[in-house]
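See structure below.
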Amino acid sequence: MHRCLARAAASAAIAAALLASAAAAPPTVDGAFKSFWEAKNPDAAAKAAQGVAASGVAFDEALARLERGRHYAKHVKRGIVRLQRRSILGEFFYDLNVPDDYDPSRKYQVRVQLHGGILMRETSQARGNGGVGALAGAEQIYVLPAGWRDAPWWSRAQLENVDAILDGLKRTYNVDENRVAMAGVSDGATGLYYFAMRDTTPFASFLPLNGFLMVLANERVGVDTDLFPTNLLDKPFFVVNGGQDPMYPIRFVEPYVGHLRGSGVTLDYHPRPEAAHNTAWWPDLKEVFETFVREHPRDPYPQKLTWEASDRDLPSRAHWIVIDRLKPAASTEPRLEPDLNVFSGAGPNHGKDLFGRSRPSGRVDAVRRGNEIALTTRGVSELTVLLSPHVVDFAQPIRVSANGHVVSDARLQRSVATLLKWAARDNDRTMLFGAELRVKIE
């Protein structure tokens with residue numbers, strides 16, 4: 001009897017040890033990536049990324065798997081898909097227009113379309129039947145978010161909303177990450193300028209129709225942060241305005257269009273002298289519009305970036321540059337040029353600021369040439385440089401200078417943990433980073 005009890009106790013101990021060993025064993029690479037791809041949002045993906053790193057996967061294999069991406073299901077909703085997501089502001093309704101013959105084996109262009117009439121809407125209820133309607137163009141997936149008085153396009157709430165919608169879209173449908181364009185009409189068009197100055201990274205181009213940049217300078221509109229027009233240098237614009245538009249006529253808009261173009265913004269301008277505040281001109285410009293979108297895909301690793309942000313918006317990112325901290329408010333440094341906030345047009349506003357400043361800000365201009373990266377900064381004390389194996393050679397030293405002084409000149413190790421960290425955040429097969437370099441500016 002005692003021997004039987006002893007054997008039973010020994011067996012139980014062995015079983016417990018085996019269970020503990022199994023629990024402690026790292027996940028398989030396949031299993032870890034399965035959990036990563038099935039994550040419902042970036043937070044869940046970040047947790048799953050820890051399992052991928054713990055699996056012992058080699059960097060090159062992890063990179064290849066991330067580039068291939070997830071398996072997309074065949075049986076997904078097509079046509080008009082009516083959805084909603086919840087936030088602290090309540091329900092955010094949105095619609096997808098998915099081609100009826102959607103094929104998960106190919107990538108699809110996406111247009112995020114922002115509607116007008118924001119301040120006339122008191123609730124977040126979806127609009128109409130959920131279709132893009134008369135502004136339909138090339139075959140693509142259309143995303144139609146809803147904005148309203150308490151959550152206008154020019155708000156952090158909508159930045160977070162659109163980012164979350166795009167993230168969810170990419171987890172369900174096969175999206176071409178480098179062909180996500182943002183278009184808008186009236187208030188929606190004005191909102192595009194806000195997005196371009198705050199959240200440029202996901203988008204290939206911006207297409208404001210019947211909008212006006214300077215609406216955002218009106219205090220009654222209630223923009224929730226300082227804005228920096230120099231950030232518009234990072235992406236191309238397709239702009240349409242009408243001569244008979246009682247709200248934003250050509251004569252009001254053109255001086256600012258000229259200012260942006262003359263300052264270096266890639267801007268394709270299409271004035272319609274006969275047009276009012278509508279899109280009756282769409283049949284004439286549809287092909288021109290879609291050609292512009294097709295010819296301006298996003299470069300996920302642009303060689304040149306300029307980015308400026310307020311201290312209340314940190315960390316603030318443009319592709320491979322992240323502003324982390326600013327210098328004390330008392331620090332005084334000269335403006336960097338060009339400064340698109342200074343109006344260059346003729347007339348009484350020449351030399352005046354387009355947007356006022358209520359908070360300290362910092363700016364970085366970054367240029368990458370192979371393994372050499374030059375940073376020019378104003379008001380920045382710390383920033384992060386994200387490095388991709390697709391644009392730098394990790395076998396060689398990477399030389400980084402800030403304001404003419406070398407701050408790093410060494411070989412950097414590629415990191416699976418870093419690769420997965422940013423892949424979880426971005427959910428983007430075409431924009432992957434193997435190392436991050438924290439730079440302190442003296």
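None of the figures in this text is laboratory data; all of them are computed from the coordinates on show. Model, not experiment: these values are computed from the prediction. Backbone-built Cβ (ideal geometry, glycine too); neighbour counts: all protein chains shown.
Miscellaneous remarks
- Cα centroid of region 83-103 to Cα centroid of region 138-185, whole Å: 9 Å
- For region 304-440, convex hull of alpha carbons as volume per residue, Å³: 132 Å³
- The trypsin sites (Lys or Arg not before Pro) of region 275-374 meeting both criteria, a DSSP state outside H, G, I, E and B (loop) and at most 12 other C-beta atoms within 10 angstrom of the site's C-beta, are R335, K352, R357.
- Kyte-Doolittle at least -0.5, axis length at least 30 Å by Cα - qualifying DSSP helices, the chain: 2-24
- Within-15-Å neighbourhood charge of A64 [Cβ basis; K, R +1; D, E -1]: +1
- Cα centroid separation - region 34-61 against region 199-245, whole Å: 36 Å
- All other residues whose Cβ lies under 12 angstrom from that of E372 are scored, Lys and Arg at +1 and Asp and Glu at -1, for a net of +1.
- Over region 182-247, all Cα pairs binned in 5 Å intervals from 0 give whole-percent P(r) values of 4, 18, 29, 25, 16, 6, 1, listed from short to long.
- Each Lys and Arg contributes +1 and each Asp and Glu -1, all at the Cβ; summed about the Cα centre of region 79-295, the dipole is approximately 200 debye.
- Cβ-Cβ FRET estimate between H390 and T291, R0 fixed at 22 Å, reported to 0.05: 0.20
- Summed side-chain charge close to R325 - residues other than R325 whose Cβ falls under 11 Å, Lys, Arg +1, Asp, Glu -1: 0
- A compact globular protein would have a Cα radius of gyration near 2.2 N^0.38 Å; the ratio found for the chain is 1.12.
- At q = 0.15, 0.20, 0.21 Å⁻¹, base-10 log of I(q)/I(0) for region 167-306 (Debye sum, equal scatterers on each alpha carbon): -0.76, -1.29, -1.38
- Estimated dipole of the chain in Debye, rounded to 20 [Cβ of Lys and Arg +1, of Asp and Glu -1, Cα centre]: 1280 debye
- Lys/Arg +1, Asp/Glu -1 at C-beta; region 182-307 dipole; positive extreme among G242, A204, A280: A204
- Computed over the chain, the per-residue total of -39500 (n - 2.57) for DSSP H runs of n ≥ 4 gives a 222 nm mean residue ellipticity of -9000 deg cm²/dmol, rounded to 500.
- Hydrodynamic analysis of region 79-295 uses the Kirkwood radius over alpha carbon pairs. Inserted into Stokes-Einstein at 25 °C and 0.890 mPa s, it gives a translational diffusion coefficient of 140 µm²/s.
- Label-zone membership for region 49-86, site D150, 7 angstrom Cα→C-beta point, backbone N under 20 Å: 83-86
- Considering only beta bridges that DSSP places wholly inside the chain, some 65 percent are antiparallel.
- Out-of-range pairs (alpha-carbon distance over 22 Å; input K304/K440; K170/K421; K235/K421; K77/K107): K235/K421
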